[in-house]
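Single-structure report; data block below.
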Amino acid sequence: MKVLFGYLTFEYRGGVKFQLDFTKNFSNCEVGFITSNPHIKYEDEVLKIGKIHVIPPTKQYKQRLEALKKLSKEYDILYLNKATLNSFEQKMVKSAGFKKVVYHSHSTVKDVKNPLIRAGYYFLHYIARARINKDADKMYACSNEAGLWLFGEKNRNNFTVVNNGIDTDVFRFNPELREKKRKELGRSGFTIFH
């Protein structure tokens, strides 16, 4: 199975970190990533996991659609990590012909400082949200609140919450490891490490 994840940003931020951590769980799949940025700062890390596909930005609608159509023939699933919805993008993805499209909500708001631009994002988001059932084969969210934000109240029972994209067992307390580290550092009794 081949899974294509979107979208990588130029900067290494929370959403990108989630995607990279999350895709490490797809060991039985071939993984690819979409970006509109010809240069991303963390390219080496991404290439350890999968391919990077640079596609035209959304404002170049026809060229972007053609690029997505080509990718839809190569990948089985398009997995979109989103903070807001955009009906133009949703229609484009649907027209591209991906076999399955997954939407994963990572936010409860669109964080834009300019109130007019934020209002524009919200307006487009609410329009697009009305048709998400037609566009998404699966819906996931990082929390119940994030799911309600992206998919709406009418989809309350249609999305699945995925609490973490990382293996939390790595951070679980391990008394054997604690003792080993204390011996290695020559510490005993009450000690605070930072």
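The values are calculated or read from the model by the stated rules, or taken from the named source; none is laboratory data. On a predicted model such as this, the values are computed, not experimentally measured, just so you know. Here the Cβ positions follow ideal geometry from the backbone for every residue, glycine too, while neighbour counts run over all protein chains shown. Remember, those area values only see protein heavy atoms, side chains included, never the ligands or the DNA or RNA. Shrake-Rupley method; radii C 1.70, N 1.55, O 1.52, S 1.80 Å.
Residues of the chain: accessible area per residue at 1.4 Å, in Å²?
Details: 12000 Å² over 194 residues.
Ligands and nucleic acids excluded, the figure is 62 Å² per residue.
If each residue of separation counts as 0.36 nm, what is the full-extension length gain between Glu74 and Lys134 once their alpha-carbon separation is subtracted?
Values: separation 60, 0.36 × 60 = 21.60 nm, distance 2.25 nm.
Taking 0.36 nm per residue and subtracting the Cα distance, the gain is 19.3 nm.
What whole number of Å gives the distance from the Cα centroid of segment 1-61 to the Cα centroid of segment 101-179?
18 Å
Rounded, prolate or oblate: which fits segment 1-115 when a ≥ b ≥ c are the square roots of the eigenvalues of the alpha-carbon gyration tensor, with rounded for a/c under 1.5 and prolate only if a/b beats b/c? Walk me through the intermediate numbers first.
Working: a/c = 1.38, a/b = 1.04, b/c = 1.33.
In terms of gyration-tensor shape, rounded.
Considering only Cα-Cα distances, which of the following residue pairs are longer than 29 Å: Lys73/Lys110; Lys69/Lys138; Lys48/Lys113; Lys24/Lys183; Lys82/Lys181; Lys41/Lys82? Working shown, then result.
Working: Lys73/Lys110 32 Å; Lys69/Lys138 20 Å; Lys48/Lys113 35 Å; Lys24/Lys183 33 Å; Lys82/Lys181 40 Å; Lys41/Lys82 20 Å.
Cα-Cα > 29 Å for Lys73/Lys110; Lys48/Lys113; Lys24/Lys183; Lys82/Lys181; rest within.
Using only DSSP helix segments of four residues or longer, with each worth -39500 (n - 2.57), what per-residue ellipticity at 222 nm results for the chain after dividing by its residue count and rounding to 500? If you can, show how the numbers build up before the last one.
Details: 8 runs with 77 residues, N = 194.
Theoretical 222 nm ellipticity from helices: -11500 deg cm²/dmol.
What full-extension length gain, to one decimal in nm, is calculated for Asn158 and Lys180 as 0.36 nm per residue of separation minus the Cα-Cα distance?
Gain on extension, Asn158 to Lys180, equals 3.3 nm.
Which residue fluctuates most in the GNM of the chain (Cα springs below 10 Å): Lys82, Lys138, Lys41?
Lys41
For Cα pairs less than 8 Å apart in space and 6+ apart in sequence, what is the mean separation divided by the residue count of the chain, i.e. the relative contact order in percent? It would help to have the intermediate numbers written out before the result.
Numbers: 289 pairs, mean separation 33.9, N = 194.
Over the chain, the number comes to 17 percent.
Can you compute the modelled spin-label distance between Asn144 and Lys113, with each label point 7 Å from Cα toward Cβ, in nm?
For Asn144 paired with Lys113, the spin-label model returns 3.5 nm.
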